[in-house]
Structure formats: C-alpha cells, structure tokens
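Encoded as structure tokens, the structure appears first; notes follow it.
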Amino acid sequence: MKEKICVLKGGISPEREISLKSGEAVERGLREAGYKTFSLDSRDRNFFDQLVEERPDVVFIALHGICGEDGTIQGWLELAGITYTGSGVLASALAMDKANSRRILISEGIPFPRFRVVERGREDEISLKFPLPWVVKPLRGGSTLGVSLVKEEGKLREALREAFRYDGSCAIIEEYIRGREITVGIIDDPEPKVLPIIEILSKNELYDYKAKYTDGLCEFVVPAPLKKDEYLKVEEMALRVYRALGCRDFARIDMIVKDGEPYLLEVNTIPGMTEKSLLPRAAQAKGISFASLVEKIVKAALRRKEERKNKMKR
C-alpha cells in the first residue's frame, strides 16, 4: 500500500455539490492507483482536528470556491505542517481574485478583455469605456456561478445583483469577446507541461453554469482545431500565466481566441476533477488515465514534501 491520502471535499462555498463530486472521483482514482485514502468534508466542525489526528502523508484538496480555492485552507495546512496538493497560499488567493491577478498579469503583457471592477453599493459610479454586450461575474468565484451576459444597459443592475449573490463585495464587468472558447490544462510532471487544448462549443451564447452542467448543451473538441501558430501561442501564454502567478502541481486556464489572438479569462487552481471534467478530458487525450492523473498530482506534492525534509536536514 502506498502513502495515506486525505481527500478534502465539500466545504461551504456555493460550489459545494461540485466539490463533493470531484472529491468522490479523486478518492476512487487514488484507490485505483493503490493509495490508502479517507475523505473529510471541510464543512464539518471537527474536520481539522480529525485531519491533525490522522496525519495523512498528503491532503488532496478537492474544494472549489471560497475557503477552498482562495488560499484559506492552504494557510491552515501550512500552519499544521501538512503537505497538500495544488498551488500555495499566495497563488491560490491571486488566481481567485480576478482583479489582482490581472494587475500582475497585465504587467507580464498578458492580454485580457477590457474590464471594470464594481464594488457593491457603488453601482451608480459605473462608467464603462467599452461597448455592449458585457459579461458580469463575481470577482471571486468559479464554476460559472453568478455569470451573466448583458446585452442591454438596463439589465446591468440585475446582472450585478446576481454576481453579488456569490461575492458579496465586488463584481467584474468584462467586454464580451465573441470568439473561440478554449481551456488549457497544465500539470507538473515534474516540470509544468501543457495538456492537449480543448475547444468548448456551447449551444448557449455564454458558457455559463447551465451550459456547463446540462447534458447536451456543450461539445468539447480535443485537441482544439487551431492553426499551428495559434496553438503554440496559446500554449506559451498558458505557461506564462501559470508561472507568473506561482501556480504548482496543476491548473486549468480559460481563454478566448479571436482573430488568432488569445485573451485570458481566468485561472482555476483547483479545476473540476470528476472523470468528465475538462482537465481529466485533456489528460485522457494525452493517454493519461484518471487514476494516473491524480497520482501525478499527489507525486508532485510528495516531491515537495521530500525537498522540504532534505532542506531541514542541512
């Protein structure tokens, strides 16, 4: 039997149900790969006491959204001295915050749709310098929850109210770029490697929560049928983003390609991890089974643990 792994799932965010499914799939995959596993729901009051008592070799974080993907749980695990999968505290917090991550990435020359951050209670101060339609999103959040396409200015407040349901303080308004929606998975093996790019073909105008989780509303083409120069440009940009934010182990990076040019939408440091999720789809296209994928992520964390142990001996 290999190392003991705790899968942390559930949590308190609006993405709880998706996290539970990710966690269940990860646990199945790890058992298939020969690991001893147990799972904990971070919504349970005593989960952290159980975690410290069990002292797993690695915690596989399968939490999405607030208190899971935003650096919070990562900070707790750092204080407890427990090794975990995925990006660290700072990279997690930055990737979750669409405004602060963009401030860093703009300095790296990464192109985005034009955008404006709106604080709750200051909607009357909005002045947009880019034309309709607009995409309105929670500033911090994932799984396309609270995302709206606004085609009329009079619908903006309604869209902002929806976004504020998932981030009570801020929302982001983006220029809607009509193009090819793609997503890029990256895993450390041991260096960051780009998985086959996926093109998302949604029957809705917007790849929103309904499109994402309703059977038949989306098709996925892997590898994405981009021109060779476009494909290389997307791969290069994804790696630049991954490294600039300090991501590690794995991530999924969403973009729009218009007229051959990619524009970054967001970075997911803990993307969906069911067998049908986009990162596992990309891995499968590379010949990496789901069990092998989750094992690669665990091995990346174990390498980090061993490196830390060796440094302490010096």
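The values are calculated or read from the model by the stated rules, or taken from the named source; none is laboratory data. The structure displayed is predicted, hence computed values, not measured ones. So basically every Cβ, Gly included, is an ideal-geometry build from the backbone, and we count neighbours across all protein chains shown. Heads up: the accessible areas ignore ligands, DNA and RNA and are worked out on the full protein's heavy atoms, side chains in. Shrake-Rupley method; radii C 1.70, N 1.55, O 1.52, S 1.80 Å.
Annotations
- Test: residue in the range 280-288 that is open to solvent by less than 50 Å² (accessible area, probe 1.4 Å), over 13 Å from ILE182 (Cα atoms) and more than 17 Å from the chain's Cα centre (by Cα): yes
- Which numbered condition PRO111 fails, given (1) modelled with pLDDT of 95 or more; (2) more than 23 Å from ILE177 (Cα to Cα): (2)
- Residue in the range 18-37 that is farther than 19 Å from LYS276 by Cα, of a type outside the set (Lys, Arg) and in a helix (DSSP H, G or I) present: no
- Complete set of residues in the range 200-220 that are modelled with pLDDT of 75 or more and either within 25 Å of SER87 (Cα to Cα) or open to solvent by less than 50 Å² (accessible area, probe 1.4 Å) (or both): ILE200, SER202, CYS218
- Qualifying residue in the range 242-252 (condition: surrounded by 20 or more Cβ atoms within 10 Å (Cβ to Cβ), of a type outside the set (Asp, Glu) and assigned to a helix (DSSP H, G or I)): yes
- Annotation: of all residues in the range 88-105 being among the polar types (S, T, N, Q) and either open to solvent by less than 30 Å² (accessible area, probe 1.4 Å) or in contact (Cβ under 8 Å) with a residue 24 or more places away in the chain (or both), the one that is farthest from ILE297 (Cα to Cα) is SER101.
Every residue, every condition in (1) open to solvent by less than 40 Å² (accessible area, probe 1.4 Å); (2) free of Cβ contacts under 8 Å to residues at least 12 places away in the same chain; (3) of a type in the set (Gly, Ala, Ser), yes or no:
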| position | (1), (2), (3) |
| --- | --- |
| TYR35 | yes, no, no |
| ARG43 | no, no, no |
| GLU54 | no, no, no |
| GLY65 | yes, no, yes |
| GLY86 | yes, no, yes |
| SER107 | no, yes, yes |
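- Only one of SER148, SER127 that is open to solvent by 50 Å² or more (accessible area, probe 1.4 Å) and of a type in the set (Gly, Ala, Ser): SER127
- Of all residue pairs spaced 6 or more apart or on separate chains, those with beta-carbon atoms under 7 Å, a first member in the range 187-199 that is at pLDDT 95 or above and a second member that is of a type in the set (Gly, Ala, Ser) and open to solvent by 20 Å² or more (accessible area, probe 1.4 Å) are PRO196/ALA285.
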